[in-house]
1. Taking 7 Å along the Cα-to-C-beta vector as the label spot, tell me the ASP153-ILE124 distance in nanometres, rounded to one decimal.
2. Quickly work out the HIS45-to-GLU354 label distance, labels modelled 7 Å from Cα along the C-beta direction, and quote it in nm with one decimal.
3. Can you give the FRET efficiency to the nearest 0.05 for PHE190 and ASP13, using r as the Cβ-Cβ distance and R₀ = 45 Å?
4. Could you order peptides 302-311, 221-230 by the average number of other Cβ atoms within 10 Å of their residues, highest first?
5. Mind jotting down the distance between the C-alpha centroids of region 1-69 and region 318-351, whole Å?
6. Of the options GLY271, VAL220, PHE304, report the single residue whose Cα projects farthest towards the positive end of the charge dipole of region 195-325 (beta-carbon charges: Lys, Arg +1; Asp, Glu -1).
7. Quick check: with the 1.4 Å probe, what order do SER32, SER148 take by accessible area, largest first?
8. Can you give the calculated 222 nm mean residue ellipticity of the chain, where each DSSP H run of n ≥ 4 adds -39,500 (n - 2.57) and the sum is split over every residue, rounded to the nearest 500 deg cm²/dmol?
Amino acid sequence: MSKSNAGSYTLTDNQTGQNFELPVLHGSIGPSVIDVRRLYAETDHFTYDPGYTSTGSCESKLTYIDGDEGILLHRGYRIEDLAENSDFLEVAYLLLYGELPTEAEQTKFDSDITYHTMLHEQLINFYRGFRRDAHPMAIMCGVVGALSSFYHDSTDITDPHARMVAMYRMIAKMPTIAAMAYKYSIGQPFNYPQNNLSYAENFLYMMFAVPAEDYEINPVLAKAMNRIFILHADHEQNASTSTVRLAGSSGANPFACIAAGIASLWGPAHGGANEAVLQMLNEIGHKDNIPEFVKKAKDKDDPFRLMGFGHRVYKNYDPRAKVLQASCEEVLGDLGINDPLLELAVDLEKLAREDEYFVERNLYPNVDFYSGIILKAMGFPTSMFTVLFALARTVGWVAQWNEMIEDPSQKIGRPRQLYTGPAERPYVGLNKRG
Ligand code: ACO
């Protein structure tokens, strides 16, 4: 393949000598893409790209990542700026509508979200059906999927207003659903949302308040919660977002699509990693054991990997991890917590970043490396870590889903394959086999 000056690639079939011109499409920033949409029709070949490491699956205006430089932008704004200066619902507005809201727009949006936070009372029956020890992510998958059986008036995906109502409902109700999943798992009564509280404050209230006493919001925790939500709001075409888009490409209703995204996020290679980081740090136990674990992570015959290290896109420090590390120190300092796991994490990061194996492969801490420690300090049990991620990512999922529906070039997602199974053969009756 060679690049032509005309902004296209020429693909040459070495057997026939025939040339095929492939157009190149340019985005606003970042690498251009080779448009292979006509490739099969013209060459009789598919592309082969397991894990989609070289494949752009859609056009998007929401989020841009420069993995080499460690840059993350939402609608052009740096994640560090948003984490420092913005509010989660402002970021939600930005992702949904493309611009930061005016004061009036923000007030209306906040109010619209706040007044959709209650759940249909009958949904409580769903919780009662789960085993007492169910993982909250299992409950999330079930209850979010069940929303489509309650909110029929917002499942017509061809109606922009119905789509918007579904998106608002999910952003609004996710904290309620998540907190109820936790309360159910510890046998405490559910708390109804409080409209006088901000999004982050209300979530903390629903998680940690009990009817027997007053609950006071700690502003340090509310600020950290808001920041954690912002850092997880969207991240381009990752596994769960691609799952949401793929599910939605068939015309499935938005609640079902988000339930699919939650299922994908649950895996330890994706959203489940922060839970795995804490387990790993507990297993390491003492800084003297770090070299042994680093050695295990480098051993190709050992399946162990350093959890919270490495990223498909970032080949530099994940900018979200930097913000979280600073927040982590702030929260622990303010709460007067001296968590040995934080010290262990800092030592582990230092050792790994000096190690040739990690340096050569550009393996840096990702967002999950410090998020587990901060969430633990805030009082969240490990089983809720991925749930918090799902709650915040719902904004990105619905914004990406809506962008896909509005895209005139959108088609049902249907990858092809390199078939390596048997060629056609005749059926053999049982009495004639082997
Ligand atoms: N520990 C040890 N080695 C690693 C690690 C790690 N955490 N991550 C990558 N590597 C090695 C691989 O073994 C591979 O080595 P090789 O070239 O000698 O074969 C090389 O680095 C490249 O890694 P890949 O697996 O090809 O990278 P990929 O992009 O497929 O994987 C992933 C990215 C899944 C995140 C991986 O780095 C990983 O498993 N990390 C730990 C889990 C984790 O923290 N996940 C959270 C991701 S962030 C998020 O979802 C919010």
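1. Using points 7 Å along Cα→Cβ, the separation is 2.2 nm.
2. 4.8 nm
3. FRET efficiency, PHE190 to ASP13: 0.10.
4. For the peptides 302-311, 221-230, the packing ranking is 221-230, 302-311.
5. Result: 41 Å between the Cα centres.
6. Final value for the positive-end residue is PHE304.
7. SER32, SER148
8. Helix-only estimate at 222 nm: -15000 deg cm²/dmol.
The values are calculated or read from the model by the stated rules, or taken from the named source; none is laboratory data. For clarity, every value in this text was computed on a predicted model and none was experimentally measured. Glycine gets a Cβ as well: all are built from the backbone with ideal geometry, and neighbour counts include every protein chain shown. Please note that ligands, DNA and RNA were not included when accessible areas were found on the heavy atoms of the full protein model with its side chains. Shrake-Rupley method; radii C 1.70, N 1.55, O 1.52, S 1.80 Å.
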